Amino acid sequence: MKKLKVRLDAFSDAVIAIILTIMVLDLTPVLRDNLNDYLLLSKEIGVYIISFAFVANMWYQHATLFNEIDDMSYRIMLADFLFLIPLSLTPLATNMMAENTTNITVMAYGLLVGITGTCFRLLARSIIHFQYTDTSKMRQVYRKIFGQHNLIYVLLNGVLIILAYFFPQVVLWLYLPYPLIYMLLSSRDRQQMYDVAQLTTNQRQQYLRLPRDRMKQFSRLVAAQKPQTSASPAGTQPNNEQPLTQDVKPISWRDWLDQPIGSGSGVQAANSQSPNVEAIKEFRRAQWDDFQRQTKTQRAARDQAAKELEHQQAAQKAAAKQATREHEREQEAKKEAAELAAKQRERDQEAEEDAAKLAAKKLSKIS
């Protein structure tokens, strides 16, 4: 079956090469110097570039995907044929869209892009099922890593198809960045798959429980820290002066362009037993352990900060309650003092009245 896998690779490459050749041959040459003919040719070249980017991205995805397996199954072969069927219709859809750019032709092109992408994802899933066992948790890892971006591809293409009904001339050119976005996101997702494949089963289970922001943080750690495959003992860090997770920054666009295509670390298959691969596996596992330790430290720090914040809030509430009670006591004391003063004024008034009555009686007796 290994020889058949090589033949299938060659067959797929030949079909894709023929697809690109047919699209070039469909371009209408300018036989007479006419501005309208040159404008039409320019439009056809632009549409050709859009389809070329799409087909080239499909070739890249196909090549990197098949590069990770040395053998194949009947499921993979049938899924590959299923993927090549809609892909081979690209020259027809491209020619129709270039010759007659209407909402129908642009929507048909978008539908073809969606069907091709769906067939490729079925092919990728077949390879994942063939390459990894259930106990390795890599199938769940694949769904978690690729699931969100696969949904983005479907939604984005669906939106473009709907917009093509109203604005076909505009949506036509919006299909140019689509394969670039696809290639960027899928290459990062595939790199995550390579990195997780080098972890132990227990570490993969821990990875599956991570939220997406922590998954991205681990990916940035792996991209920033390069393994030393020649001298580091197994399970140790290449540099003991600093932890692996210190000052990890997101990989830049230029760094992404310069890194090796595929696993980015020379790993051709998760089951390879070469010394370099084993050293890289040990390095990745050490990175994960350090990442987990840092996560626990950060979680403990957050918990401690949360407890301190709760303590401060409780102290503030207690102080506020104490201040409220003091204020209430002051108000009650003022109220009691006001009541006593009022009663004293009443007594003074009564005493003055009694004194006035007594004086009046004395005057009446004297008179």
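Bear in mind these aren't lab numbers, they're just calculated from the coordinates by the rules spelled out. This is a predicted model, so every value here is computed, not measured. Reconstructed Cβ throughout: ideal geometry from the backbone, glycine too, with neighbour counts over all protein chains shown.
Per-structure values
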| read-out | value |
| --- | --- |
| Residue pairs, from the table Lys334/Lys357; Lys5/Lys281; Lys335/Lys357, whose Cα atoms sit over 29 Å apart | Lys334/Lys357; Lys335/Lys357 |
| Added length on full extension, which subtracts the Cα-Cα distance from 0.36 nm per residue, Ala341 to Tyr74 | 85.8 nm |
| Full-extension gain in nm, Lys365 to Lys3, via 0.36 nm per residue minus C-alpha separation | 115.8 nm |
| Local electrostatic count at Gln322 - Lys and Arg +1, Asp and Glu -1, tallied over other residues with Cβ under 12 Å | +2 |
| Cα-based reach from Lys3 at 19 Å (exclusive), listing aspartates and glutamates while leaving out same-chain residues under 8 positions away | Asp13, Glu68, Asp70, Asp71, Asp80 |
| Length released on extending from Leu309 to Leu27, taking residue separation times 0.36 nm less the Cα-Cα span | 94.6 nm |
| Burial order of peptide ranges 55-64, 307-316 (average beta-carbon count within 10 Å, highest first) | 55-64, 307-316 |
| Highest to lowest packing among 334-342, 177-185, scored as the average C-beta count within 10 Å | 177-185, 334-342 |
| Under 20 Å from the Cα of Lys343 - aspartates and glutamates, other chains or at least 8 residues apart | Glu330, Glu332, Glu352, Glu353, Asp354 |
| Protection-proxy order for peptides 34-47, 163-176, each taking the mean of Cβ atoms within 10 Å per residue, highest first | 163-176, 34-47 |
| Per-residue HN-Hα couplings for segment 339-351 [Karplus 6.51, -1.76, 1.60; θ = phi - 60°; Hz; x = Gly/Pro] | 5, 4, 5, 5, 5, 5, 5, 5, 5, 5, 5, 5, 5 |
| Label-point separation in nm, Arg143 to Lys321, each point 7 Å along Cα→Cβ | 4.9 nm |
| Sum of side-chain charges, Glu346 neighbourhood, beta-carbon under 11 Å (Lys, Arg +1; Asp, Glu -1) | -2 |
| Pairwise FRET efficiency - Gln169 versus Lys296, Cβ, R0 = 51 Å, nearest 0.05 | 0.40 |
| For segment 54-195, convex hull of alpha carbons as volume per residue, Å³ | 94 Å³ |
